[in-house]
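Taking it in order: structure first as structure tokens, then the write-up.
The values are calculated or read from the model by the stated rules, or taken from the named source; none is laboratory data. All figures in this text were calculated on a predicted structure; none of them were measured in a lab. Cβ sites come from the backbone with ideal geometry, for glycine too, and all protein chains shown count toward neighbours.
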Amino acid sequence: MELFDEVKNRYFHMVFQIINECTVGKTKSEILRIIAEGEFEQKVIGKNQRSFADLILNSCGDDGNLNLLKEENELFFPSVQAPGNHPLPVRFTNLEKAWLKALLDQPDITMVLGQETREFLQASLRNIDTPLRQEYLELTNTIQLPEILQPEIYQENFHLILEALINEKPIRYSNKDRKGHVHQDKLALPVSLEYSLRDGRFRASMFSIDDNRPIMANLTTLSKIRVVKEPVPIDRETAQKALFTKVSPEPVILEVIDKKGAMERSFMCFSGMERSAKQIGKNNYELRLHYYLFEEENLIRSILSLGPYVKVISPQRIADEIICRVKKSLEFAIC
């Protein structure tokens, strides 16, 4: 077994993570938690029946220890001495460098990295050739949304939520939902920031303390965000689990007429959801979708984007919402 081959298995990355995190000192239980989250189910390594944890924590005897860490006052520190907070620098493969260089040309990347970091990476990667060019890629099933009228507020919202995520703090915010209702001074714990390739916008996954449920909000609709020090009854890890455990009580059942690639487009639209399909007639299919509750808005938008070749069989409330939105669009078009 090539224990430290960074391409062939995950143990190289775990060694890198453990050494750098131990810079400030880690207890045995903290190191074991990192290992438990990252190692394979098969824990025994080699003919001496030692585990990866034994190798890292110097429990294999003088001849078997890796001696990457040293213990002082019940805390483990790196044996490697180097200036700065990280004894081991990040090592990129050539493929990662090519991907990173292509990423630097993407929209909103300056907002994420900052201008100084972007310019530094561009200079560092100037001699790297990348086959990933924008003109080679064609994005399908995207939505052309109106231009962001106040980009400075959009960027400020991004950085405020990022600050809350880094410090694991709740936020207070106001939001205007899709029905035009304004929710003032709400309390929520941010869970993650996500970028939607479909509409080219960032959105925040949060756990609403006021409503005791997971929510997702577009950064363009948020306002008056501020990071607060108020106590909340849930931590980020628990909130993240709650976000991905509230599943729809019943599947959405669609009837798809396979014309103009409707079936293929359906599978592309719902690729992130648990789904199954069966043929019910010539060029007719039944598609069942199971989804997380916070995904419902995106689910409805995806169904609308598929046009007349998709019909909602159940549940009725989803069908009614689709009908309502189509009627409103027709009224607006006539006006």
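What to note about this one:
- Sole exception among (1) at pLDDT 85 or above; (2) within 29 Å of Q155 (Cβ to Cβ); (3) of a type outside the set (D, E) for P233, by number: (2)
- Out of L103, L88, L68, sole residue that is among the aliphatic types (A, V, I, L, M), surrounded by 11 or more Cβ atoms within 10 Å (Cβ to Cβ), within 27 Å of I31 (Cα to Cα) and not assigned by TED's automatic domain parsing to the domain that holds L55: L88
- Residues that are at negative phi and in contact (Cβ under 8 Å) with a residue 60 or more places away in the chain, drawn from the range 199-212: F202, S205
- Condition met for V232 (in contact (Cβ under 8 Å) with a residue 60 or more places away in the chain, in contact with a strand residue (DSSP E or B) (Cβ under 6 Å, 6 or more places away or on another chain), surrounded by fewer than 20 Cβ atoms within 10 Å (Cβ to Cβ) and over 30 Å from P146 (Cα atoms)): yes
- The test for being surrounded by 14 or more Cβ atoms within 10 Å (Cβ to Cβ) and among the β-branched types (V, I, T) does not hold for I166.
- Any hit, the range 177-197, residues being surrounded by 13 or more Cβ atoms within 10 Å (Cβ to Cβ), at pLDDT below 85, under 18 Å from the mean Cα position of the chain (by Cα) and part of a loop (DSSP other than H, G, I, E, B): no
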